[in-house]
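Take a look at the structure below.
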There are 6 protein chains.
Amino acid sequence: MAKTPKESLTIFTDIVLPGESNPLGNLFGGELLARMDRACSIAARRHSHEIVVTASVNHVAFNNAVPVGSVMTIEAKVSRAFRSSMEIYVDVWVEDRESQVRSKVNEGIYTFVAVDKAGKPVIVPQLEPETTLEKERYEGALRRKQLSLILSGRMKPTDASELRKLFIG
Amino acid sequence: MAKTPKESLTIFTDIVLPGESNPLGNLFGGELLARMDRACSIAARRHSHEIVVTASVNHVAFNNAVPVGSVMTIEAKVSRAFRSSMEIYVDVWVEDRESQVRSKVNEGIYTFVAVDKAGKPVIVPQLEPETTLEKERYEGALRRKQLSLILSGRMKPTDASELRKLFIG
Amino acid sequence: MAKTPKESLTIFTDIVLPGESNPLGNLFGGELLARMDRACSIAARRHSHEIVVTASVNHVAFNNAVPVGSVMTIEAKVSRAFRSSMEIYVDVWVEDRESQVRSKVNEGIYTFVAVDKAGKPVIVPQLEPETTLEKERYEGALRRKQLSLILSGRMKPTDASELRKLFIG
Amino acid sequence: MAKTPKESLTIFTDIVLPGESNPLGNLFGGELLARMDRACSIAARRHSHEIVVTASVNHVAFNNAVPVGSVMTIEAKVSRAFRSSMEIYVDVWVEDRESQVRSKVNEGIYTFVAVDKAGKPVIVPQLEPETTLEKERYEGALRRKQLSLILSGRMKPTDASELRKLFIG
Amino acid sequence: MAKTPKESLTIFTDIVLPGESNPLGNLFGGELLARMDRACSIAARRHSHEIVVTASVNHVAFNNAVPVGSVMTIEAKVSRAFRSSMEIYVDVWVEDRESQVRSKVNEGIYTFVAVDKAGKPVIVPQLEPETTLEKERYEGALRRKQLSLILSGRMKPTDASELRKLFIG
Amino acid sequence: MAKTPKESLTIFTDIVLPGESNPLGNLFGGELLARMDRACSIAARRHSHEIVVTASVNHVAFNNAVPVGSVMTIEAKVSRAFRSSMEIYVDVWVEDRESQVRSKVNEGIYTFVAVDKAGKPVIVPQLEPETTLEKERYEGALRRKQLSLILSGRMKPTDASELRKLFIG
């Protein structure tokens, strides 16, 4: 039975402490990658009800630094389910204490695989996107999957039908 | 003046402790991402002699789990320098205690930008690849840069000249 | 201007890793107290838009252990605002991976004070509870404040008018 | 056989490092709660010779901040033993480097339960207070236990005989 | 004015958690070295009332492993004061939960130097040992200092008068 | 079959983050001891192909502080193998970002023992030093071993033949 993205929505709100900062006084890049990975793994688990492991990080863009003392919110949602793998989109916001305005600092795309206790992949429910943004991300997921297979040498670019359309236009 | 990849080579060898593991007894994916980021940032700094910040994670593939107690080696080297950004390739190995055979468990591609103290991008030295693998990675870097710009919506696929060649064959 | 509890709602969802466990394989009590404190401080900050510091922990009950590997959700909301202090209620749930059923494991009550940069208390907005549970917690907050003052020796029991009613019936 | 409070005395002296501080440069409240919990659990274990788990935090008052670089001493002692639960009083001091004067920054009351390996409560030795302060804390413990039962909804205020006396005078 | 060793006595009691263990389920050696260093630095600070920095670790012997779940006590005391440096002796015990018997697992000797804010060495009070053990350790300190100077190439063995006696007998 | 020191060479390069610093803004002494221990344990494992445990720290000299933000390189190599114990020399450098000049900040000597799964010592391969520095350290190891035995009370100074030569000249 198909599930919606909001069923896997995972919210992680925390303060950035000095112990997690780089020498410029901002959240260390690696520390943020680790937290995004944790949020994505919970979203994948909520979608699949299975044990999940990180398969790949497809893209993370660091647009703005996150200063020490910030309140940071990470939100992860499954953006597409394949046979046993799931693509997860994760957005990171920082909120201003005085105005409470949230601004986006970071966005990432991770892939997780659902496995049984022996580590063998198992089938996961399909995803039915609801909002416009969810549909857009769902559409793009197949192209990103092909990209990932090409980058890891497991698919020839000329076989990536979905992706080719983009470039040949 | 151009520099070679080996001038930025950064080696990080460590043991995987129980406190860094996931519930399956393997190194937590997020923890590994954080360590790869640290090694890449040092390679970028060694190439540029400047302050560097993570710009994006272009791809990380988790091929094999890293069990608690493993000796893990992370090796990062600049694979191509652009105007103020650098692509860094990072490989992760685990070594068997008894045979001392190393096996590859993970590979990642990060992008860093060199900045001055005010956070403004500064120019970095160019890279001159030497080995066959270094040359291959150097060649692929331009395509990956275009991919990254497309994924973040800052370039239209039809403008990605280098990348189009791949798909049109 | 008064604010509602849901405006300060803070959600923190995370996995319990082995590095945070006690020798019985459950989340260490102290580690959970620390996380609850962080969630409460964000709720107090969202309500007041000010710097906030922990004033007291009024009560935390550990009903069930949280095993390693659990997905744990902490939810904090302001339950009553006084002049410059705020009482925060925090609930902790664990969700079963297979059934996705959430069960409550823990509940706590913290008090935070809003301060300016010199550490001097500042006035915070009042709270207008909406749901039945929010109203109940709001009502109880005055009694708990009196209890706290008595426990710290800053009020005589016979002066605690609100509290006396309870015992004299 | 009854035991004295000093038999369970647990001392924990440590330096506050920058990695444990909040954005104001003081020890993070949550971090202090965690350390107090660890010291209390050792005191409960020394009194009972059993496995112990945190049952509740009854009260913690944060009177003064603990700046980074401070030498902080936590002292925990059992203040009363019930059937299988124990109340622990914990005091926190900071010492001035130059004058070596100690000042109290924090005080807390925790409750622990002694359990066997299956998690079933087991009987613990009674406590015989010796000093005036120990006797005072011992006397107050019954009232605090009733308070705790009321706060968690397991006792009606009108049944709390010991506590009622306080309010009726 | 001279001070006694007990004036600098520093006690650190804590539980060994899984997150601090090595793959054999014991406290990681490096983690123990770090904790011993922290306890010694407090003892040196209590003796001198100055800022102190680690100068050297003269000897640490690991006699027995410390299993996860142990209650561990570290006790550090100044054993001799020189002009601006202090030798600190640190003993580590583990206590058995059921019998409460303490057994020694580890012993170490560290040297700290007292400095002003610019990092320049400052003079410290002399030490007057009281117990037999304190006197023994005080006597040995001069020989150990000469050893340390020889090991770091700052003294010729033939100039180490105190040490020579030992070998020439 | 004998092995060379370079076969056990272990390199650990990392950035010093604020969370690992002392109140003066330098890497905490204890944290550095812990990292040196981890690098040494890997070198000992690479030489022996066995499980290894820390036996003693023979000497560590802290010559210069390591400021937050530094790139630090730890290099460990077996300096001599005895029956089942190995002496490891570990050198620590910091590199200047702009000039890339490396300067030595620290040097340490650790001893590890190779054990089987039951913790019983096992025999390790002998070491054949190659460079001048390796030969020097190899020569000194026997004297240091005797020193260590004397310091721990397991050898009389007058029986330390190798060491006596030094003092008698």
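For the range E:5-129, taking the reciprocal of the average inverse distance between every pair of different Cα atoms yields a Kirkwood hydrodynamic radius of 15.0 Å. Scanning residues 5 or more positions from B:Ser79 or on other chains, those with amide H under 5 Å from its amide H are B:Glu87, B:Ile88, B:Tyr89, with H placed 1.01 Å from N in the peptide plane. Accessible-area rank, largest first, for C:Thr73, A:Thr158: A:Thr158, C:Thr73, with all protein chains present and a 1.4 angstrom probe. Here the contact order of chain A, divided by its residue count and restricted to Cα pairs under 8 Å and six or more residues apart, works out to 25 percent.
Accessible surface computed residue by residue for the range B:5-129, with neighbouring protein chains in place and a 1.4 Å probe, gives 33 Å² per residue.
Note on the range D:1-55 and the range A:74-104: Cα centroid distance 37 Å, given to the nearest whole angstrom. Each DSSP beta bridge with both residues in the range A:56-169 is either parallel or antiparallel, and the antiparallel ones are about 100%.
Can you list residues from other chains, or at least 5 along the same chain, whose modelled amide H is less than 5 Å from the amide H of A:Ala55? For A:Ala55, the qualifying residues are A:Thr111, A:Phe112, A:Val113. Between the amide H of C:Ser70 and those of C:Val16, distances stay under 5 Å, these residues lying 5 or more places away or on another chain, with hydrogens modeled in the peptide plane.
So which lysines pass the test for A:Lys120, namely a Cα distance under 24 Å, with those fewer than 8 places away in the same chain ruled out? Reachable lysines: A:Lys3, A:Lys77, A:Lys145, B:Lys104. Only helices enter the 222 nm calculation for chain F: every DSSP H run of n ≥ 4 contributes -39,500 (n - 2.57), and dividing by all residues gives -9500 deg cm²/dmol, rounded to 500.
Rounded to the nearest 100 Å², what is the sum over both chains of accessible area buried where E meets D, with a probe of 1.4 Å? Separately minus together, E and D give about 2400 Å² buried. Applying the criteria of a DSSP loop state and at most 14 other Cβ atoms within 10 Å to the GluC sites (Glu not before Pro) of the range A:88-145 yields A:Glu98, A:Glu130.
What separates the F:Leu133 label point from its copies, with the point 7 Å along Cα to Cβ, is 2.6, 4.1, 5.5, 5.5, 6.4 nm, written shortest first. Accessible surface of C:Thr111, taken over heavy atoms with a 1.4 Å probe and every protein chain present, rounds to 20 Å².
Under the shape rule built on the C-alpha gyration tensor, where the axes satisfy a ≥ b ≥ c, the protein assembly as shown is oblate, since a/c reaches at least 1.5 while a/b does not exceed b/c. Each copy carries B:Leu9; placing its label point 7 Å along the C-beta direction from Cα gives inter-copy distances of 0.9, 5.0, 5.5, 5.5, 5.9 nm, listed from smallest up. Rolling a 1.4 Å probe over the protein heavy atoms of the protein assembly as shown, with every protein chain left in place, gives an accessible area that is 52 percent carbon and sulfur. Distance from the axis that maps chain C onto chain E is least for the Cβ of the chain C residue given, with the whole Å value, as C:Gly19, 2.
Classify the range B:78-169 as rounded, prolate or oblate, taking a ≥ b ≥ c as the square roots of the eigenvalues of its Cα gyration tensor: rounded when a/c is under 1.5, otherwise prolate if a/b is larger than b/c and oblate if not. Judged from the Cα gyration tensor, the range B:78-169 comes out oblate (a/c at least 1.5, b/c at or above a/b). Computed from phi, the 3J(HN,Hα) profile of the range B:71-82 under the Karplus parametrisation 6.51, -1.76, 1.60 (θ = phi - 60°) reads 9, 10, 10, 10, 10, 10, 8, 5, 9, 6, 10, 9 Hz, with x in place of Gly and Pro.
Projecting 7 Å from Cα along the Cα-to-Cβ direction, the label point of A:Asn64 sits 4.0, 4.0, 4.0, 4.3, 5.7 nm from its equivalents in the other copies, listed shortest first.
Taking a span of 20 Å or more along the helix axis (Cα atoms) and a mean Kyte-Doolittle hydropathy of at least -1.0 as the rule, the DSSP H helices of chain C that qualify are C:29-48, C:132-151. Note on surface exposure: C:Lys3, B:Lys145 rank B:Lys145, C:Lys3 by accessible area, highest first, 1.4 Å probe.
The values are calculated or read from the model by the stated rules, or taken from the named source; none is laboratory data. Since this is a predicted model, take the numbers as computed values, not measurements. A quick note on method: Cβ atoms are made from the backbone with ideal geometry, for glycine too, and the neighbour counts reach across all protein chains shown. Areas reflect the complete protein model, heavy atoms only, side chains present, ligands, DNA and RNA absent. Shrake-Rupley method; radii C 1.70, N 1.55, O 1.52, S 1.80 Å.
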